[in-house]
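None of the figures in this text is laboratory data; all of them are computed from the coordinates on show. In this text, all values refer to a predicted model and were calculated from it rather than measured experimentally. Neighbour counts are summed over all protein chains in view; Cβ atoms, including those assigned to glycine, are modelled from backbone coordinates with ideal geometry.
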Amino acid sequence: MPPAFEAIFARAFVAFCLIDREGRLRTVNSQYARLTGRPTNELVCCHVGEMGVPSMELVNSAFTLFDAGEKFPEREIIHGGKDYAISVFGLPNACGDITSICVFMRDISMRKGLERRLEAANRTLEEMNAKDYLTGVFNRRHFDETLHKEMARLAREGGVMCVGMVDVDNFKLYNDAYGHLAGDECLARVAKAMGAALLRPADEIFRYGGEEFAIVMPQTSKENALNVAERVREAVAGLRIPHCQTAYGFVTVSIGVAGIDATSARFAHQACEKLIRVADKALYRAKDGGRNKVDSDMCSVDGIS
Ligand code: GH3
Ligand code: MG
Ligand code: MG
C-alpha cells in the first residue's frame, strides 16, 4: 500500500481490515487492532475467525454477493458492547476476480444509544397514552381501539367474543362517606384486583369512565365469560374494602356480560355499539337484582338496527 494511504488508514477513525478468501487478515489499521485488543503487527495473516470480528459468516456472504456481481448492504453489529456499522467492498485482481474484501467498521454506539433511548421513551409515551393515570389499567381510547380490532378479528376468524361492563356499586355513597381521595384509592385497588382475576393473556380490562370498567374477552363463550365475570366480582368483594353505606358492608361491583358471534360481528361498527348496549342492559339487571351480581345476554346484529 502506498505510504500515504498507510498513514491515512492508520489515523482513520474507522476500523479497517483487508481479508482474503481464506479469511486471513492481509492489512489492518490501528483502530481495528484496538477493536480486537491485539497489536497491529500480530494481526496480519491471522484468521479472522480468531478475532470474531467481522464474523466468518459475514466474510463468506460478502464474497458470495461480490461473485454474483451484487453489492454488500451495510450491516450493523454489536461487538464488545459497542455498535458498529459495517461496509464491505470487493477488491478485484488484474483479471477482475474478487480476491479480497475491504471491511470498514464505524463505531455508531453513540447514535444507537440515542436511538434506543428514543425508542424506550416512545414506548413509555405510547403506554401512557393507552393507560389510565389513576388505576393503571388501559383507558377508554384503548378500549375503543381494542374492541374494534377484536370485532374485525372475530368476523374473520369465527367464534364468540364477550364483553363485560363493570360498575362499582353505590360509589357515590362511598365518596360521600370516605371522601374523594379514598374513592380514588379504592378505584385503583378494585382495578388491580380485577386485572389480577383475568387469567388468560387475551382478556383485558379497561377503565371505561368514572367508576365503570370494561372487560374484553376474545374467543370466549358466554358461559366461560360468566365464569370470568364471577371471578372478577369475587376478587373485588374479597378485598373487603369497608363500605358502610351498602347492605354488604364492603365495596362490590355489578357486571353485565354480552356475547356476540362472528355473523353479527360482520357489521363491525354497529356490532361494537350494540354489544356495549346489551352488556349495559345486563348490568342494569344485575344492579336491579341487588348489586354484587353478574347478569348476561347474547347480542345479535342484523345490519339494520
Ligand atoms: P350504582 O350502584 O347505581 O352504580 O351507584 P353509584 O353511586 O355507583 O352510581 P352513580 O353514577 O350515582 O355515581 C358514580 C360515582 O362515581 C359518582 C362519581 O363522583 C364517582 N366517581 C367517578 N369517577 C371517579 C373517580 O375517578 N374518583 C372518585 N373518587 N370518584 C369517582
Ligand atoms: Mg356508573
Ligand atoms: Mg356505580
The condition from (1) over 19 Å from K287 (Cβ atoms); (2) in a helix (DSSP H, G or I) that N175 misses is numbered (1)
| task | Might you let me know whether region 252-265 holds any residue that is in a helix (DSSP H, G or I) and either within 16 Å of ligand 2 (Cβ to nearest atom) or surrounded by 19 or more Cβ atoms within 10 Å (Cβ to Cβ) (or both)? | result | yes
Looking across region 158-173 at residues that are within 9 Å of ligand 3 (Cβ to nearest atom) and over 13 Å from K293 (Cβ atoms), the single one that is surrounded by the fewest Cβ atoms within 10 Å (Cβ to Cβ) is K172
The number of residues in region 174-192 that are closer than 28 Å to E273 by Cβ and more than 12 Å from ligand 3 (Cβ to nearest atom) is 1
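Residues that are touching a residue at least 12 places away in the same chain (Cβ under 8 Å): find the helices (runs of 4 or more DSSP H) completely inside region 19-71 holding 3 or more of those. Give the steps one after another, and end with the answer.
Working: elements: 30-36, 40-43, 48-51, 56-67.
Correct list: 30-36, 48-51, 56-67.
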Only unsatisfied item for R233, checking (1) assigned to a strand (DSSP E or B); (2) of a type outside the set (A, V, I, L, M, F, W, C); (3) farther than 21 Å from D144 by Cα, is (1)
Considering region 105-135, residues that are outside any helix (DSSP H, G or I) and more than 16 Å from ligand 2 (Cβ to nearest atom), and then whichever is surrounded by the fewest Cβ atoms within 10 Å (Cβ to Cβ), we arrive at Y133
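Of all residues in region 217-253, which are of a type in the set (S, T, Y) and free of Cβ contacts under 8 Å to residues at least 40 places away in the same chain? Steps first, please.
If we filter region 217-253 for residues that are of a type in the set (S, T, Y), which is where we start, we get 220-221, 246, 248, 252.
Scanning region 217-253 gives no hits.
I'd like to verify a number: residues in region 52-66 that are out of contact with any Lys or Arg (no Cβ under 8 Å at 6 or more places or on another chain) and either surrounded by 12 or more Cβ atoms within 10 Å (Cβ to Cβ) or at positive phi (or both), how many? Give the derivation first.
We begin by selecting, within region 52-66, every residue out of contact with any Lys or Arg (no Cβ under 8 Å at 6 or more places or on another chain); these are 52-57, 59-62, 64, 66.
Right, trim to either surrounded by 12 or more Cβ atoms within 10 Å (Cβ to Cβ) or at positive phi (or both) and you get 52-56, 59-62, 66.
Total meeting the criteria: 10.
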Over region 194-214, the set of residues within 25 Å of H180 (Cβ to Cβ) and either within 16 Å of ligand 3 (Cβ to nearest atom) or in a strand (DSSP E or B) (or both) is M194, I205, F206, R207, Y208, G209, G210, E211, E212, F213, A214
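Filtering region 78-97 down to residues that are of a type in the set (A, V, I, L, M, F, W, C) and surrounded by 10 or more Cβ atoms within 10 Å (Cβ to Cβ), which residue is farthest from R111 (Cα to Cα)? Give the steps one after another, and end with the answer.
Quick first cut of region 78-97, residues of a type in the set (A, V, I, L, M, F, W, C) only: 78, 85-86, 88-89, 91, 94-95.
With surrounded by 10 or more Cβ atoms within 10 Å (Cβ to Cβ) added as a condition, the list becomes 78, 85-86, 88-89, 91.
On the way: I78: 13, A85: 11, I86: 15, V88: 21, F89: 24, L91: 30 Å.
Residue satisfying both the conditions and the ranking: L91.
Checking the conditions here, which among V160, V190 is touching a Ser or Thr at 6+ places or on another chain (Cβ under 9 Å) and either more than 16 Å from ligand 2 (Cβ to nearest atom) or acidic (D, E) (or both)?
On the way: V190 fails: either more than 16 Å from ligand 2 (Cβ to nearest atom) or acidic (D, E) (or both).
It is V160.
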TODO: Examine region 204-213 for a residue that is more than 16 Å from ligand 1 (Cβ to nearest atom), surrounded by fewer than 23 Cβ atoms within 10 Å (Cβ to Cβ) and within 19 Å of L283 (Cβ to Cβ), and state whether such a residue exists.
DONE: yes
